[in-house]
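Worksheet for the structure shown next.
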């Protein structure tokens, strides 16, 4: 398992390209997430794109790479449900649901119906001059987290099989 | 007086709320959660107490379009069952604190037990048939969880499944009966209603209901359907088989659910419907059912080898007695049922707690290994004397009075029927009552003798139980004794007024308004002062019982020999049926365990249903419109078609997946050409992810499966054609419809930033991307639902794949 899910070792080209491409994908995903309100994009697309980046890492570098190299720890039981990275993915989508639902409840607290979204404009911001912030961004962030957490959970659990 | 709406609703909310909070409380309190649960039960008991003296209905709308409401009705009968559920609940929770010490799964245990208590209170107070059914099944479900508390033991799992199958299927029959009643109420009362009690309800118009049912020829079916529900729940013959197995549950559960409360739901139902459905057919059906149960299970109790098994059969037997009481006519019948519900709950809950103490302290429940326990457990022995003699029906203990009422009622019914020209077979009723009672006497004395006589050598040291365990048993025993002694003092003119008034109010709830004459609310009981036929029946019972007791062992062996004959055992039929269903040939054909079988079935059914619906609705195919089809679009679509054909002809999985993604990417381009960049982006990203995941999986699959038989290829081709045709027709139909674009116009108008706006606004989307604004603003609630589904999918993958090693299969 630790050598990667493929029986053959991936080529140097594949490894190098992955190293270059993954950060680009992640930045693109964040851009799509943030611009979603006015241009094509949004939480769901950004989430799926982020998952794709992680899936590439899983394929090229193996399932344990993320834990050993990024989190600097030894994966214990591979993908046991109570421990390891699957649990953290679970926390991600749980937090996403909480953010999305909590944002809706915040509207209730302010006296609007559940999940009402508002927009605020700020004048005189440097560079932008006029800057728009929609409360829907919070909701989109929740969607993003749920999609990333859930898809990665599925990917990790199924990948470990 | 009208009951307080707040108190009544709080009564239903508090237990469920308490159950929901239990896991959190358990983290803080640990094993002392027992006292938290007891406090919740005490609150409920207080609320029930606050309802005393009130009668009436409180209605909360539930599903108005179907006429279903959460109607709650308070009367004596409801209060009796409510008091038992919450009162015995307090004691059982306190007792659990001692009994469950060091046991696994306590948070689940207390939460389920509290939820059960709430469901039972719901059953007691529900005045709407649907609400009653819901609470009824909730008690079955919580009972299932509690019986299966020890998830590692096969016996527990078997018992839990058995009780679930028997009681839930009985409940479904009952539901059918309720629906028939609902329908009949439409004709009898002018409007179809589910309301059972209160104003304008079925009970208030019992005569019209019975007349309507009789003209439709549905009276006996309704009696049978409702009777099945009651009989399965109250363990009446031949459905008594689940109750002895249910003793696998922890003893407090047995004391609570399987003696004092849940099994009382069935007899409660009989009592509740008695004023509505009492007729000659009712008398024959329920008197026969009750007496048969009382006798058969009393005989089986004699053959028991385990103290809890003995108590289980005895519970079924006493439930039979109550059903028989409600089955017999007149005020006497109602009094028998009502009074015995109370008496039985007192002495039987006490005996179960005693059984728990014995099992806990002596370390065994085998009847033959126990004896002479009074030296080590003096308090428990005293409780047993009171409770067991009450169970035997000896004066002056409480069970005597209700049994005497049964004999009285049976005698009256028989003499009246025979005097009215009935057949002498009516004498069977009192005869069987006496016959069954002899066995009741026998096993009651046998249970009592666990505490007397010589202590067997093999029985080791018997510890003394904690106060938390003896106190509830002693309290129940004291109450039973008080009720019994109340009869003695009543003979001298001093009545135990609260008990008599209470039972009187219960009787009021179960007497037939027109048929039963007199006796409303003025129930009283006392020792017999003169010699009557029914006193002689009691004397006969005790005399024969005492004479037969010395040869108890021989009677027991005889019963065991008869019990060993397979076709006489309902269990034999149950096991055979369940096993047969489990391993029938049909299952092997339907459940092949291969994905392709399920996919074929699913696709064909979907196609057939969809096309069938179009045909049934008489929808015609719209004409194809080729206008607006640009050359670029045609090229893209043609490439997609070529890709689709290539998928079918692909020689390997890799080629198949790659050609499949051609189709996907062409669809994305199609979206771009149709000016839907968001959809295109999503399609591209998802397509990429799927491709990547496929690459992850493909390496593990064989490169090629080999050629498939021609016949199967043909079959698969036909299935594919059918599905394709369905989708094509659906697309044609759905795109041909051009509804007025009210919603789209609204979105287009409101999604962008309005021309004039303040710094902060909430009435418009304020975004340039309409699709995204719809997703996160206008339809955010839908999106919330969708991401919940995504999260659930992830959870189910974790559960199915990663946790499959846990649980039942080890």
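Any read-out appearing in this document is the output of simple, stated calculations on the displayed coordinates, not a laboratory observation. Nothing here was measured: the structure is a model prediction, and the numbers come from that model. Neighbour counts are summed over all protein chains in view; Cβ atoms, including those assigned to glycine, are modelled from backbone coordinates with ideal geometry.
Worth a mention:
- Ranked by the mean number of other Cβ atoms within 10 Å of their residues, highest first, the peptides A:26-37, B:386-397, B:474-485 come out as B:386-397, B:474-485, A:26-37.
- Backbone N within segment B:383-416 under 20 Å of label point (7 Å from residue B:530 Cα along the Cβ vector): B:404-413, B:415-416
- If the chain linking residue B:176 and residue B:288 were pulled fully straight, counting 0.36 nm for each residue of separation and taking away their Cα-Cα distance, it would gain 38.0 nm.
- Computed E for residue B:161/residue A:13 - FRET, C-beta separation, R0 56 angstrom, nearest 0.05: 0.45
- With neighbour counts taken as other beta-carbon atoms within 10 Å, the residues B:340, B:408 rank, fewest first, as B:408, B:340.
- In units of the rule-of-thumb radius 2.2 N^0.38 Å, segment B:577-664 shows an alpha carbon radius of gyration of 1.74.
- Computed over segment B:1-276, Kirkwood Rh from alpha-carbon pairs, angstrom: 19.0 Å
- Relative contact order of chain B, defined on C-alpha pairs under 8 angstrom at six or more residues apart (%): 9 percent
- The helix-only estimate of mean residue ellipticity at 222 nm for chain A, built from DSSP H runs of length n ≥ 4 each weighted as -39500 (n - 2.57), is -20500 deg cm²/dmol after division by the residue total.
- For the pair residue B:463 and residue B:208, label points projected 7 Å from Cα toward Cβ lie 6.4 nm apart.
- Semi-axis lengths (Å, descending) of the ellipsoid that matches the C-alpha gyration tensor of segment B:431-575: 35, 26, 19
- Packing-based ranking, highest mean first, of B:116-127, A:96-107 given that Cβ atoms within 10 Å are counted: B:116-127, A:96-107
- Förster-model FRET efficiency, 25 Å R0, residue A:26 and residue B:697, C-beta, rounded to 0.05: 0.55
- Per the Debye formula on identical point scatterers at the alpha carbon atoms of chain A, with no solvent, log10 I(q)/I(0) at q = 0.11, 0.14 Å⁻¹ is -0.56, -0.81.
- Between residue B:418 and residue B:17, the modelled label-to-label distance comes to 5.9 nm, taking each label 7 Å out from Cα in the direction of the beta carbon.
- Surface/4 estimate of mean projected area, convex hull on alpha-carbon atoms of the protein assembly as shown, nm²: 52.1 nm²
- Difference of contour (0.36 nm per residue) and Cα-Cα distance, residue B:154 to residue B:427: 93.7 nm
- Kirkwood hydrodynamic radius over Cα pairs of segment B:278-591, then Stokes diffusion coefficient at 4 °C and 1.567 mPa s, in µm²/s: 62 µm²/s
- Segment residue B:655-residue B:494, length gained on full extension (0.36 nm per residue, minus Cα span): 48.3 nm
- For the protein assembly as shown, share of DSSP beta bridges that run antiparallel, in % to the nearest 5: 100 percent
- Solution diffusion estimate, µm²/s, Stokes-Einstein, segment B:282-386, Kirkwood Rh from C-alpha pairs, 10 °C, viscosity 1.306 mPa s: 107 µm²/s
- Debye log10 I(q)/I(0) at q = 0.07, 0.09 Å⁻¹ for chain B, Cα point scatterers: -0.67, -0.94
- Förster radius 56 Å - calculated FRET efficiency between residue A:94 and residue B:568 (Cβ-Cβ, nearest 0.05): 0.50
- Inter-chain shielding of A:106-116 (mean C-beta neighbours from other protein chains, 10 Å cut-off): 2
- Think of it as helices only: each DSSP H run of n ≥ 4 in chain B is worth -39500 (n - 2.57), and spread over all residues that comes to -23000 deg cm²/dmol at 222 nm.
- Gap separating the Cα centres of segment B:42-109 and segment A:112-161, nearest whole Å: 45 Å
- Average beta carbon contacts from partner chains per residue of A:132-138, 10 Å cutoff: 4
- Segment A:12-160: relative contact order in percent, alpha carbon pairs under 8 Å with at least 6 residues between: 27 percent
- Mean per-residue shielding of peptide A:117-127 is 4, counting Cβ atoms of other chains within 10 Å of each Cβ.
- Inter-site label distance for residue B:27 and residue B:9 at 7 Å from Cα along Cβ, in nm: 3.0 nm
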